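The values are calculated or read from the model by the stated rules, or taken from the named source; none is laboratory data. Fair warning: this is a prediction, and the values are worked out from it, not measured in the lab. Note: ideal-geometry Cβ built from the backbone for every residue, glycine included; neighbour counts use all protein chains shown. Heads up: the accessible areas ignore ligands, DNA and RNA and are worked out on the full protein's heavy atoms, side chains in. Shrake-Rupley method; radii C 1.70, N 1.55, O 1.52, S 1.80 Å.
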Amino acid sequence: MPIFHRPRYSTVQVKKKDIPQGLWQKCPASGEIIYNKELEQNQNVVPKSGFHFPIGSRKRLDFLLDEGSWDEKDSDLKPTDPLEFKDQKSYKDRVATYQKATGLNDSVIDGFGKIYGIPVSIAVMEFKFGGGSLGSVAGEKITRTIERSLEHKIPCVIISCSGGARMQEGILSLMQMAKTSAALAKLSKAKIPFISVLTNPTTGGVTASYAALGDVIISEPGALIGFAGRRVIKEATNEDLPDGFQTAEFLMDRGLIDMIVDRREMKDRLRDILSALYLKVQHKKA
Amino acid sequence: MDMKYALDFEKPLRGLIKQLDALHQLSEENHIDVSSEISAIEAKIEQTKRSIYSNLSSWQRVQLARHPLRPYSLDYVNSIFEDFREMHGDRQFRDDKSILGGTAFLDGKAVMIIAQQKGRNTKENILRNFGMPNPEGYRKALRLMKLAEKFGLPIITWVDTPGAYPGVGSEERHVAEAIAVNIREMSQMEVPIVTVVVGEGGSGGALGIAVGDRVLILENAYYSVISPESCSAILWKDRSQASKAASALRLGDQALLKHLGVVDEVIEEPLGGAQNSPSEAANSVGKAVRSHLAELLKLTRDQLLEKRYARYRNLGDLNDRRVIDFSEAAS
């Protein structure tokens with residue numbers, strides 16, 4: 001047995017203190033200190049260790065899409081409160097807090113863009129908006145993203161980052177899984193490519209609908225991906241969770257994910273896949 | 001204790017029934033005529049039942065949906081259909097006994113049954129995994145639904161699950177993917193699908209067999225995005241606030257489900273719940289299934305698929321209620 005044993009999987013658990021604020025950050029993987037400015041220029045990936053910090057949905061698009069190609073849609077869609085839901089806080093107040101914190105109306109931004117000139121209909125989930133939860137608005141935006149792919153016969157890219165369905169909108173949130181998946185069935189029939197990109201974390205109803213239905217499923221390294229929460233599984237089964245359970249690497253080993261791609265290489269990789277499946281010819285590199 | 005009125009809010013009934021039993025005993029042992037007292041208590045029992053059951057809270061409905069004597073899917077299947085022939089296995093991994101499937105006949109016509117099934121006792125529950133399917137259950141269901149599609153059989157699905165099984169193996173074999181694929185494939189299935197939520201409609205675990213053209217729900221069943229216990233654990237940081245969570249989620253509010261378009265019909269149950277008269281409950285369910293199926297069988301294949309897409313496409317509550325011509329965009 002080797003003295004220095006490198007774990008096969010590394011679980012990324014981003015705690016509040018890991019989210020960049022202040023002047024510099026400590027990398028949770030290597031302990032290395034890195035300046036925020038450098039981190040930002042590097043898409044919130046620690047240069048040496050490759051640790052992926054969370055990145056906001058708009059910043060992600062800045063790095064992913066050709067400059068000036070972003071054409072946002074549906075930004076006027078806002079959530080309602082069909083159940084008049086209240087726990088210790090009212091849903092209305094929670095939504096107002098999320099909207100203020102993110103500058104978004106709900107947890108998805110969607111529209112058209114280009115990746116090295118290849119047109120895509122694209123949606124990105126924003127975790128900071130209520131844990132990226134899937135409610136009526138997010139479901140509608142994802143569905144419209146898919147329908148615009150169909151209408152314009154261009155590939156669909158959805159970048160997921162979500163804790164799952166939005167409890168506060170009750171059963172209608174569950175129904176968004178059916179709505180989005182039904183739209184994907186049409187896209188699949190029309191033979192238009194759908195690339196699903198999973199980021200940390202992608203769980204619950206999002207994994208159990210569109211996120212798992214990509215023609216190609218890509219994940220960022222170290223991302224937590226699953227259906228049930230780790231604590232729920234532990235409580236229900238009294239089983240010890242295996243090393244690396246529910247990480248992207250674990251799931252690629254077990255056949256769910258096509259490839260794990262570093263955020264800094266995501267744009268190039270999407271170009272390669274989209275040119276293979278959509279253009280069907282090699283795309284000239286910029 | 002008599003399991004019949006075992007729930008906490010049924011306590012007044014238990015007291016009255018005890019009194020009634022005592023009176024019966026008294027009359028038998030001492031040959032006294034207490035018939036007027038007996039009928040007075042019987043009337044009071046009826047009245048108490050009406051007052052309890054006409055005003056159920058969300059949490060009380062959840063408890064009824066989980067009642068140990070409540071008829072399960074197979075009770076309905078065996079009472080409504082003939083010659084149910086179970087077909088096992090997903091042809092990939094194993095046979096999941098928490099989702100059953102097979103052919104049966106409804107008034108002489110062939111259908112495919114897909115049913116989530118709970119156990120009546122500990123031994124059965126271990127076999128059925130408490131009605132919590134693993135991925136292979138969903139994959140078996142899909143295999144059998146495709147078989148139905150191939151031979152033109154309508155599909156009747158029966159939902160009764162607390163949720164998909166939250167286990168290590170379940171995740172390792174990608175239960176989320178199994179559910180997602182079922183949802184997608186059901187949306188394009190070229191035969192009619194009628195879904196009946198008979199007990200617990202637990203989240204994605206329910207939806208994985210519930211993308212019907214028509215979705216029917218029993219009066220005391222619930223259909224929810226999350227179990228009240230998990231919702232309570234997340235929002236109240238405490239699993240014991242499930243009753244608060246149930247009412248915040250408005251579980252058991254079948255009128256709301258219908259208003260939102262999530263279900264098409266609410267099936268009335270015998271007073272106090274289906275367990276008080278399983279045959280009466282099965283009659284009502286049978287009647288509802290027949291009438292919805294008859295309507296669906298009048299549609300052409302294209303009409304069926306278009307209506308099903310529209311049904312799910314329109315679910316959601318937005319500030320912008322403009323109607324989208326989805327059929328155009330998709331053609």
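Points to keep in mind about this one:
- Apart from one condition, B:Met145 fits all of (1) free of Cβ contacts under 8 Å to residues at least 12 places away in the same chain; (2) open to solvent by less than 30 Å² (accessible area, probe 1.4 Å); the exception is (1).
- Those strands (runs of 3 or more DSSP E) of the stretch B:98-190 in which 3 or more residues are within 14 Å of another protein chain (Cβ to nearest Cβ) and touching a Pro at 6+ places or on another chain (Cβ under 8 Å) are absent.
- Residue under evaluation A:Ser149, criteria (1) more than 29 Å from B:Leu257 (Cα to Cα); (2) without any contact (Cβ under 8 Å) to a residue 40 or more places away in the chain, criterion not met: (2)
- Qualifying residue in the stretch A:76-90 (condition: within 14 Å of chain B (Cβ to nearest Cβ), under 21 Å from A:Tyr210 (Cα atoms) and open to solvent by less than 70 Å² (accessible area, probe 1.4 Å)): yes
- Note on the stretch A:128-153: among residues that are open to solvent by less than 10 Å² (accessible area, probe 1.4 Å) and of a type in the set (Ser, Thr, Tyr), the one that is nearest to the other protein chains (Cβ to nearest Cβ) is A:Ser136.
- Residue tally, condition under 24 Å from B:Ala274 (Cα atoms) and not acidic (Asp, Glu), over the stretch B:134-167: 8
- Selected residue (criterion: nearest to the chain's Cα centre (by Cα)) from residues of the stretch A:168-217 that are on the phi > 0 side of the Ramachandran plot and touching a residue at least 40 places away in the same chain (Cβ under 8 Å): A:Gly204
- Contact annotation: residue pairs with Cβ atoms under 8 Å, 6 or more positions apart or on different chains, pairing a residue in the stretch B:68-82 that is surrounded by fewer than 20 Cβ atoms within 10 Å (Cβ to Cβ) with a partner that is hydroxyl-bearing (Ser, Thr, Tyr), are B:Ser79/B:Ser279.
- Applying the criterion of being within 14 Å of chain B (Cβ to nearest Cβ), of a type outside the set (Phe, Trp, Tyr) and in contact (Cβ under 8 Å) with a residue 60 or more places away in the chain to the residues of the stretch A:247-286, the residue that is least open to solvent (accessible area, probe 1.4 Å) is A:Thr247.
- Pairing each residue of the stretch B:170-194 that is on the phi > 0 side of the Ramachandran plot with any residue that is open to solvent by 10 Å² or more (accessible area, probe 1.4 Å), provided the two are 6+ apart or on different chains, yields C-beta distances under 7 Å for B:His174/A:Leu256.
- When restricted to residues that are touching a Ser or Thr at 6+ places or on another chain (Cβ under 9 Å) and free of Cβ contacts under 8 Å to residues at least 40 places away in the same chain, the stretch B:98-118 contains 1.
- Any hit, the stretch A:108-127, residues being out of contact with any Ser or Thr (no Cβ under 7 Å at 6 or more places or on another chain), more than 30 Å from A:Arg271 (Cβ to Cβ), open to solvent by 10 Å² or more (accessible area, probe 1.4 Å) and without any contact (Cβ under 8 Å) to a residue 60 or more places away in the chain: no
- Some residue of the stretch B:19-38 being of a type in the set (Val, Ile, Thr) and within 31 Å of the chain's Cα centre (by Cα): no
- Close Cβ contacts (under 6 Å, 6 or more residues apart or on different chains) running from residues in the stretch A:34-57 that are touching a residue at least 40 places away in the same chain (Cβ under 8 Å) to residues that are open to solvent by less than 60 Å² (accessible area, probe 1.4 Å) and assigned to a helix (DSSP H, G or I) comprise A:Gln43/A:Arg263; A:Val45/A:Arg263; A:His52/A:Arg263.
- The stretch B:13-39, subset in contact with a Leu (Cβ under 9 Å, 6 or more places away or on another chain) and in a loop (DSSP other than H, G, I, E, B), residue surrounded by the most Cβ atoms within 10 Å (Cβ to Cβ): B:Val34
- So B:Leu256, is it modelled with pLDDT of 95 or more, away from chain A (no Cβ under 12 Å) and either closer than 22 Å to A:Lys189 by Cβ or out of contact with any Pro (no Cβ under 8 Å at 6 or more places or on another chain) (or both): no
- Every condition in (1) within 30 Å of B:Lys244 (Cβ to Cβ); (2) more than 21 Å from the chain's Cα centre (by Cα); (3) modelled with pLDDT under 95 is met by A:Lys92 except one, and the failing one is (3).
- Selection status of B:Asp107, open to solvent by 40 Å² or more (accessible area, probe 1.4 Å) and of a type in the set (Asp, Glu): yes
- Some residue of the stretch B:265-279 being touching a Gly at 6+ places or on another chain (Cβ under 8 Å) and either surrounded by 20 or more Cβ atoms within 10 Å (Cβ to Cβ) or not aromatic (Phe, Trp, Tyr) (or both): no
- Test: residue in the stretch A:168-180 that is under 18 Å from A:Val216 (Cα atoms), at the interface with chain B (Cβ under 8 Å from one of its Cβ atoms) and buried (at least 24 other Cβ atoms within 10 Å of the Cβ): no
- Single match in B:Arg214, B:Arg250 (criterion: open to solvent by 10 Å² or more (accessible area, probe 1.4 Å), touching a residue at least 60 places away in the same chain (Cβ under 8 Å) and within 8 Å of another protein chain (Cβ to nearest Cβ)): B:Arg250
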